[in-house]
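Worksheet for the structure shown next.
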Amino acid sequence: MVEDEKVDNQKCENRLEPNLKVTVQDMKDLGLNYWKMDAETYKYPIKAIPWDPKDAVDPRLAALRDDLGYSYADVITIHPDHLPGFATHVKNFFTEHIHDAEEIRYILDGSGFFDVRDPLNRWIRIHVKKGDLMTLPEGIYHRFTCDEIDYIHAMRMFIGVPCWTPINRFDNPDIDTDTHASRKKLTKSGFFETHREC
Ligand code: KMT
């Protein structure tokens, strides 16, 4: 996607012209994982409430949960009518940050954009939609925004006790994210080796 100076409306695609395609392999090299799930057959609560992963009736979701150890889940609906402080939340989600854990999102309905930085510090925009289950690796610079429909219903999963607090990249007097342990972990995983400009 275009760099920030050229973004007038964060909720639009903001594609580069000409577009730069990103392959599935590129995404895997960045440490992202992806599954297409059946979000039609199985229903989930709409409210932002904890949701017991043991309640999964979708056998594929149950298998993923068990294989990957996702012991916690909640369901969030990001929409002006369902999330108090909607605009502030979207502003915060769109502030570039890292987490010290993997980010796991299953899109139950609606859509939105996750942006991740590649090792050359370029944004890659991912339009997630109903049925997409995606994980972002610990330490990757990223952000989220609703798209123009302003509605996404998602399950957030976690291994252990969840921590949703973002570690912002900029204007952060306490932490230098570039040298944060989670960034170092990502570096060691080969993140910077696989993406050198030719
Ligand atoms: C978060 O950290 O809660 C988010 O990533 C918000 C988007 S969930 C689709």
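The values are calculated or read from the model by the stated rules, or taken from the named source; none is laboratory data. Note that the structure is predicted; figures quoted are calculated from it, not measured. Cβ placement follows ideal geometry from the backbone for every residue including glycine, while neighbour counts extend to all protein chains displayed. Only protein heavy atoms, including side chains, enter the accessible area calculation; ligands, DNA and RNA are left aside. Shrake-Rupley method; radii C 1.70, N 1.55, O 1.52, S 1.80 Å.
Per-structure values
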read-out: DSSP loop GluC sites (Glu not before Pro) with at most 15 other Cβ within 10 Å excluded, longest remaining stretch of the chain; value: 41-147
read-out: For residue 60, net neighbour charge (Lys/Arg +1, Asp/Glu -1) across residues whose Cβ lies under 14 Å away; value: -4
read-out: Total lysine pairs under 16 Å (Cα atoms) in the stretch 24-186, excluding pairs fewer than 8 apart on one chain; value: 6
read-out: In Hz, Karplus ³J(HN,Hα) per residue of the stretch 150-165 (6.51, -1.76, 1.60; θ = phi - 60°; x = Gly, Pro); value: 6, 8, 8, 10, 9, 9, 10, 10, 7, 9, x, 7, x, 10, 9, 5
read-out: Chymotrypsin sites (Phe, Trp or Tyr not before Pro) restricted to DSSP loop in the stretch 131-178 with at most 12 other C-beta within 10 Å; value: 164, 170
read-out: Residue list for the stretch 116-136, given a label point 7 angstrom along the Cα-to-Cβ vector of residue 187 and an amide N cut-off under 19 Å; value: 117-122
read-out: Computed label-point distance, nm, for sites residue 174 and residue 6 using a 7 Å Cα→Cβ extension; value: 3.6 nm
read-out: Sequence-distant residues sharing a close amide H with residue 16 (under 5 Å, placed H); value: 2
read-out: Gaussian network model of the chain, springs between alpha carbon atoms under 10 Å - residue of 135, 179, 77 with greatest fluctuation; value: 179
read-out: CD proxy at 222 nm, helix term only [per DSSP H run n ≥ 4: -39500 (n - 2.57); per residue of the chain; nearest 500]; value: -4500 deg cm²/dmol
read-out: Neighbour net charge for residue 51 - beta-carbon separation under 15 angstrom, K R +1, D E -1; value: +1
read-out: Nearest-0.05 FRET efficiency for residue 25 and residue 86, computed from C-beta distance (R0 25 Å); value: 0.10
read-out: Carbon and sulfur %, accessible surface of the chain computed with the full protein complex present, 1.4 Å; value: 54 percent
read-out: The chain - Rg over Rh from alpha carbon coordinates, Kirkwood radius; value: 0.94
read-out: 20 Å Cα-Cα reach of residue 188 towards aspartates and glutamates, excluding residues that sit fewer than 8 places from it in its own chain; value: 26, 29, 100, 102, 103, 118, 138, 176, 178, 197
